[in-house]
Amino acid sequence: MSETAAVPTAPLRARAEIDLGALRANVRALRARTPGAALMAVVKSDGYGHGAVPCARAARAAGAAWLGTATPEEALALRAAGLPGRILCWLWVPGGPWRQAIEADIDVSLSGLWALREAVEAARRAGRAARVQLKADTGLGRNGCQPADWPELVAEALRAEAAGLVRITGLWSHLACADEPGHPSIAAQLDRFREMLAHAEGQGVHPEVRHIANSPAALTLPEAHFDLVRTGIALYGISPSPELGTPADFDLRPVMTLSASLALVKRAPGGHGISYGHHYVTPGETTLGLVPVGYADGIPRHASGTGPVLVDGKWRTVAGRVAMDQFVVDLGGDEPAVGSEAVLFGPGDRGEPTAEDWAQACGTIAYEIVTRIGTRVPRVYVNGEELG
């Protein structure tokens with residue numbers, strides 16, 4: 001679907017409207033908050049559910065210097081779509097498409113000797129140097145090289161660089177608790193990162209970029225900005241943590257609005273059980289609205305009985321269980337027309353719930369709410385062209 005596709009005149013069962021103008025504005029707001037660093041737009045997991053290619057193009061147009069993905073397949077898909085410039089991908093397994101990534105000028109992240117050796121072998125076969133970034137585990141405990149193993153990884157990478165098989169373009173890490181202001185691990189990780197940087201640079205590594213800041217660190221920890229910040233969820237206008245502030249506090253605007261068309265409106269008597277298990281029973285005579293999306297579309301089943309929906313100007317709540325393809329809201333006697341819009345979440349401008357409201361209702365984080373919206377829900381892109 002075109003990034004500038006017009007909004008359909010006929011109602012869809014469901015739609016996720018993606019405001020690329022808001023995304024560009026978010027990039028500009030994030031750049032303004034990180035003036036000493038370049039910005040990476042992270043578009044992994046299909047752009048957190050928003051569409052990787054359209055969002056990557058919009059981010060580039062607004063000044064993002066880098067794109068970031070988790071998997072090499074995601075990075076290669078960006079290249080196949082014609083996205084130029086620097087792309088980093090960081091989640092590799094043995095036997096991955098190293099040569100394809102090298103030939104596509106993608107920067108690849110290495111967390112251990114096995115990955116370095118596979119990258120070196122692929123570079124030999126490709127007849128060109130691999131651009132690599134060495135990732136340090138400074139305390140998150142997931143991917144990344146442990147401090148005890150760092151000297152060996154750095155030394156072997158430098159030998160490969162001297163042989164013309166790699167170019168070490170970056171040194172980086174990831175924070176565990178940047179979304180928890182004042183958490184002691186933040187300072188500890190930054191100290192460890194500086195130590196590991198000092199060792200690598202002391203041995204002769206000359207990286208183009210050093211980076212550790214994710215969205216929350218980009219927004220609140222200027223001491224973590226270094227040369228590059230990696231913005232993921234903030235790019236899409238969602239605060240990385242309610243404790244840090246709302247999107248508006250950071251001059252961000254949510255990019256996705258999820259809505260559906262009511263498939264049925266009907267009257268029901270009191271005492272009527274609703275959906276599987278009858279976990280909701282109508283307290284009296286009322287009207288019911290059928291919203292034709294469910295957990296197959298990414299609506300959390302944990303939203304059963306709690307998920308908020310704006311219908312006919314009023315907040316309603318999911319009545320009973322969310323099913324695979326549909327759920328019910330109690331309209332309290334109101335009778336909106338069949339086909340009326342039910343807004344699950346959006347920026348909140350019209351009084352609709354936000355992704356954060358859904359996260360609170362489900363006991364999760366807003367990242368999950370937007371990222372899990374499935375491919376059965378069409379993305380409709382608006383404001384796809386830069387104006388002025």
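Table for the structure above
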read-out: Failed condition for Val265, given (1) surrounded by fewer than 19 Cβ atoms within 10 Å (Cβ to Cβ); (2) over 34 Å from the mean Cα position of the chain (by Cα); value: (1)
read-out: Selected residue [farther than 21 Å from Glu208 by Cβ, at pLDDT 95 or above, of a type outside the set (Lys, Arg) and under 21 Å from the mean Cα position of the chain (by Cα)] from Asp107, Asp46; value: Asp46
read-out: Given (1) touching a residue at least 12 places away in the same chain (Cβ under 8 Å); (2) farther than 23 Å from Ile238 by Cα, number of the condition Thr354 does not satisfy; value: (2)
read-out: Extreme residue, farthest from Ser45 (Cα to Cα), among residues of the range 65-90 that are crowded, with 20+ Cβ neighbours inside 10 Å and in contact (Cβ under 8 Å) with a residue 60 or more places away in the chain; value: Trp66
read-out: Pair list, Cβ under 8 Å, 6 or more apart: the range 48-61 residue at positive phi and in contact (Cβ under 8 Å) with a residue 40 or more places away in the chain, other residue in a loop (DSSP other than H, G, I, E, B) and among the β-branched types (Val, Ile, Thr); value: Gly49/Ile373
read-out: Of the criteria (1) in a loop (DSSP other than H, G, I, E, B); (2) under 20 Å from Ala37 (Cβ atoms); (3) under 21 Å from the mean Cα position of the chain (by Cα), which one Ile238 fails; value: (2)
read-out: Residue, surrounded by the fewest Cβ atoms within 10 Å (Cβ to Cβ), within the range 180-201, restricted to residues that are among the aliphatic types (A, V, I, L, M) and under 24 Å from the mean Cα position of the chain (by Cα); value: Leu190
read-out: Failed criterion for Pro242 (all others in (1) open to solvent by 10 Å² or more (accessible area, probe 1.4 Å); (2) over 18 Å from Gly294 (Cβ atoms); (3) modelled with pLDDT of 95 or more hold); value: (3)
read-out: Candidates Thr306, Thr282, Thr287 - the one that is farther than 16 Å from Glu17 by Cβ, hydroxyl-bearing (Ser, Thr, Tyr), touching a residue at least 24 places away in the same chain (Cβ under 8 Å) and touching a His at 6+ places or on another chain (Cβ under 9 Å); value: Thr282
read-out: Hits in the range 202-227 (condition: more than 25 Å from Leu252 (Cα to Cα), open to solvent by 30 Å² or more (accessible area, probe 1.4 Å) and not in a loop (DSSP other than H, G, I, E, B)); value: Gly202, Arg210
read-out: Total residues in the range 254-284, condition within 26 Å of Thr354 (Cβ to Cβ) and among the small types (Gly, Ala, Ser); value: 5
read-out: Test: Val93 is among the β-branched types (Val, Ile, Thr), surrounded by fewer than 23 Cβ atoms within 10 Å (Cβ to Cβ) and out of contact with any His (no Cβ under 6 Å at 6 or more places or on another chain); value: yes
read-out: Matching residues in the range 144-178 - criterion: being touching an Asp or Glu at 6+ places or on another chain (Cβ under 7 Å) and open to solvent by 40 Å² or more (accessible area, probe 1.4 Å); value: Gln146, Arg167
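Residue-by-condition table, conditions (1) hydrophobic (A, V, I, L, M, F, W, C); (2) surrounded by fewer than 17 Cβ atoms within 10 Å (Cβ to Cβ); (3) over 26 Å from the mean Cα position of the chain (by Cα):
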site	(1), (2), (3)
Leu258	yes, no, no
Gly277	no, yes, yes
Pro283	no, yes, yes
Ser304	no, no, no
Ala319	yes, no, yes
Asp325	no, yes, no
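The values are calculated or read from the model by the stated rules, or taken from the named source; none is laboratory data. Since the model is a prediction, treat every value here as computed from it, not as a measurement. Virtual Cβ from ideal backbone geometry, glycine too; neighbours counted across all protein chains shown. Quick note on the areas: whole protein, heavy atoms, side chains included, nothing else; ligands and nucleic acids left out. Shrake-Rupley method; radii C 1.70, N 1.55, O 1.52, S 1.80 Å.
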